[in-house]
1. Of the numbered conditions (1) in a helix (DSSP H, G or I); (2) within 14 Å of chain A (Cβ to nearest Cβ); (3) surrounded by 13 or more Cβ atoms within 10 Å (Cβ to Cβ), residue B:459 satisfies every one except a single condition; which is it?
2. Could you look through the stretch B:27-70, keep only residues that are polar (S, T, N, Q) and over 25 Å from the mean Cα position of the chain (by Cα), and pick out the one that is surrounded by the fewest Cβ atoms within 10 Å (Cβ to Cβ)?
3. What are the residues in the stretch B:489-548 that are within 30 Å of residue B:99 (Cβ to Cβ), within 14 Å of chain A (Cβ to nearest Cβ) and without any contact (Cβ under 8 Å) to a residue 12 or more places away in the chain, if any?
4. What tally of residues in the stretch B:133-186 results from selecting those that are more than 16 Å from residue B:116 (Cβ to Cβ), out of contact with any strand residue (DSSP E or B) (no Cβ under 8 Å at 6 or more places or on another chain) and of a type outside the set (D, E, K, R)?
5. Cβ-Cβ distance below 6 Å, separation of 6 or more or different chains: which pairs start in the stretch B:26-55 with a residue that is within 14 Å of another protein chain (Cβ to nearest Cβ) and end on one that is in a strand (DSSP E or B) and among the acidic types (Asp, Glu)?
6. Taking into account only those residues within the stretch B:239-263 that are among the β-branched types (Val, Ile, Thr) and in a loop (DSSP other than H, G, I, E, B), which is nearest to the other protein chains (Cβ to nearest Cβ)?
7. So which residues in the stretch A:37-68 are within 13 Å of chain B (Cβ to nearest Cβ), of a type outside the set (Gly, Ala, Ser) and under 16 Å from residue A:8 (Cα atoms), if there are any at all?
8. With respect to residue B:226, is the statement that it is buried (at least 20 other Cβ atoms within 10 Å of the Cβ), of a type in the set (A, V, I, L, M, F, W, C) and under 30 Å from residue B:12 (Cβ atoms) true?
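The values are calculated or read from the model by the stated rules, or taken from the named source; none is laboratory data. Predicted, not measured: the structure shown is a model, and the values here were computed from it. Cβ: placed from backbone, ideal geometry, glycine included. Neighbour counts: every protein chain shown.
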Amino acid sequence: MRTIDQTTQEVLALASKHFQVPANSLAPDDDFFKKLGIDSLQALELLSRLENHFGIELPDYEVQGVSDFRTLASRIQSRL
Amino acid sequence: MLDLSKYQSIGAALKDALDQFADETCLIESDRQREKERLTYRDFKERALRLARALQDAGFEAGDRTAIIMTNQSKWLISAYAILYRGGVMVPLDYKLTPDEQWQLLSHSNAAFLITEYPIWRQLAASSGRAAAINVKTIFVTEAPPSAALDGAQRWEDFQRRGEPAFVARSRTDVASIVYSSGTGGRPKGCMTTHENYLEQGHAITQVIAFQAGIRYLSILPTNHVVDFMMGFLLPFTSGATVVHLRTLRPEFVRDAFTRYKISYMMVVPLILKNLKKGMEANFAALPRSKRTALNALIRINRALTRDRPRVWLSRILLGQVHRAFGGQLRAFGVGSAFTEPATIQFFLDLGIPVANAYGLTEAGTAVSVNDPCTPRADTVGKPLPGTEVRIVNPDADGIGELAVRGKTVMAGYLDDPELTAETIVDGWLMTGDLGRFDAAGHLRLFGRKKNMIVTAEAKNIYPEDIETVFEGLPVKEFCVFAANYIWPRRSLVGEQLVLVLRLEQGQALTDELRRDISARNNRLLNYKRVHGIVLFDEDFPRTASLKIKRNVLAERLAQLDRATAILPL
């Protein structure tokens, strides 16, 4: 079972890889829309990648209004 | 298709439709690759009347306002019909608003009933904003886990049909719904839309876009928006067509729905259309060179053969693989609610996929003008719908002026705001605040806005007044939010931005600490509502006797600054 810190780091690593942003430029409390420069549809793409990576399903309502990596990681953690 | 011009209310039209098309499929609901639900019109009626009876038993009376806060799903439409059946007034609210914003609009609308889903209710019930909406007496919640605490709400699934509910007739001039076009942080704009508004709008749209049994509409725009209510409920339902809902709105599942359900129409916002184009271009680029060359040749041939008008059957033969990726039955995309770049529309037209670019606003029912899918143009928002008059007020030397709209689809007014209503509807003409002109062919072209607001590519209308509260308490002398294009008018609807105008205290500087404070507050807003820059202003803001900021006067003074250097990035 992953810890929340491990999950958060994996979320950051995957976002960094998918959107080609240096890993060391991302922090858990960053706003991913702003930091990755993405729109709402690209954020949905990221969610799909995360679902595949963690082997979970995140209902849309679980991520409604979420815009920072830490909260996103906690929503994933609750489904692991 | 029922003749909507003959009905007194949308409830009466839907009532007839449910009987007339009883054996047709009205709704399909899918979650990822799993089909959750498939209802006939008969099934729909049975479920809706059970809810109508529950409303009746809960003391629901004609004219009672009932809010719906739900994602796009079958129970949204079932709720709407149950409310209309009982002669009620719908208050459809955006499920993406924060709980506090939802309570604020629930309070403003004076809704007595609320119908919602458990994940939304869980957040609403925990919000301190609830105390402000004591008017909401009865709450129905669906999809709650068996052990969930409902905090005073009733469980939808517990309703048993205890006899036939009574149908309550309404007249054309009665209000059917209160739709909020803005106002979550400032002055709520609750558009009172009558039965006549909807019926006339529906009647007009079907003269341009055909609906009948066998048509499948993919509903992904929020149903609280008038566009989806019209295109994803009223029109398909009064013609025996089918609406497809997706519980997970990820791009891959939307793409999958096209082929799985052989979609005929889908309304999208520009961002989605652009994203589809981007994905297709990437797929084209990944083809081996020989195939790519062949595809480009076929696109050129298709373009030449469909230059005057689309011939979808021919394009489906020439570009079969492309059309099969959209299910092979797609008749047209509709796009509107925000500016769409002509190049994006032309991309689809070249592939033989009609895109009907439209213009509208909640205050005018749904659509004001629309491109006929049989003769679409990428560079305009089409011609005014039958029965809708559009005139250009105070045109400049180029013929560009404010668009004013008159017709039976124009709303009755803003709820509890006669002053704003009088400013907006002048001598029967709805002043849109949008700038445009007609071309020689009678097509309408948009050139910008006169009003202080922006519309994002996701079709979100953002009014500066609605987001200013987040900056309250900022340690500066004064602040105000503006749409940059309102200060510095541009004949463009591309890249609209909000800016935060600051009047600092004497001797105060824009320090890193102040910037961090602004950023932190800004980040509390949903991503599409955020300001993009700061403008420093070195005079006190002009104010009225009651100390309200004279925004138009301030904007004129700010316009003296050079836009390029005045906007400091956040």
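1. (1)
2. Looking at residues that are polar (S, T, N, Q) and over 25 Å from the mean Cα position of the chain (by Cα), I get B:33.
3. Once the filter is applied, which keeps residues that are within 30 Å of residue B:99 (Cβ to Cβ), within 14 Å of chain A (Cβ to nearest Cβ) and without any contact (Cβ under 8 Å) to a residue 12 or more places away in the chain, the stretch B:489-548 yields B:516, B:520, B:523, B:527.
4. Total meeting the criteria: 14.
5. Within 6 Å, the pairs are B:29/B:37; B:36/B:29.
6. B:248
7. Across the stretch A:37-68, the qualifying residues are A:46, A:47, A:49, A:50, A:51, A:52, A:56, A:58, A:63, A:66, A:68.
8. Against the criterion (buried (at least 20 other Cβ atoms within 10 Å of the Cβ), of a type in the set (A, V, I, L, M, F, W, C) and under 30 Å from residue B:12 (Cβ atoms)), residue B:226 qualifies.
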